[in-house]
Amino acid sequence: TTQDIIHWDDADTKITFTDDQIDFAAGGVTLLTLDEAGQDLVTIGDGTDVDFQVKSLNDNHTIFVQGSSDNVGIGYNAPTKKLSVSGSTTFGRPSSEGDTHQFTGSIYVSDDIHVQDKVYGLDDPNTYIDLSTDDQITLAAGGISMVTLVEAGEDYLRLGTDSSSDVDIR
């Protein structure tokens, strides 16, 4: 063929060849484009309502892009936000590999959050909740431990640091 391979008696279901590009269309909708013009690119969809689904061994919606909403689901077949994730999730690499993260927007959680170290105030590394010690939670502001909740055989609340003698409660 010089340009198209067309399904018999179905002219809008075809494979079209142009210079450095192959388009796969079904029902008049280009579902997949392979393009080698400048930057090699694989494109799913043609700007219309085309969904994209990746199936794996145990999940029919490992990745699901819903064309009608522009939402992406990981483990979801009907994502309700720009990114909807179902199941255990890890962002980035372990801190031993020098990874840092910044997230913007809201995070909605319907189950537990497990933290191994600290939860910091945005743009303030000296204000945090420290969860890194077993049976203990420390609240710090300005790098100073303000409150520590301890359960280590005896339950108690410590105000200030071990070395501070001044505690101002208002």
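The values are calculated or read from the model by the stated rules, or taken from the named source; none is laboratory data. Just so we're clear, the structure is a prediction, and the values are computed from it rather than from any experiment. Just the protein is used for accessible areas: all its heavy atoms, side chains included, with ligands, DNA and RNA removed. Shrake-Rupley method; radii C 1.70, N 1.55, O 1.52, S 1.80 Å.
When you go through PHE52, PHE64 one by one, which is the residue that is under 22 Å from the mean Cα position of the chain (by Cα), of a type in the set (A, V, I, L, M, F, W, C) and open to solvent by less than 60 Å² (accessible area, probe 1.4 Å)? Matching residue, one of PHE52, PHE64: PHE64.
With respect to the conditions (1) open to solvent by less than 70 Å² (accessible area, probe 1.4 Å); (2) modelled with pLDDT under 95, LEU34 lacks only one, and its number is (2). Could we say that ASP130 is modelled with pLDDT of 90 or more and of a type in the set (D, E, K, R) here? So ASP130 passes the test.
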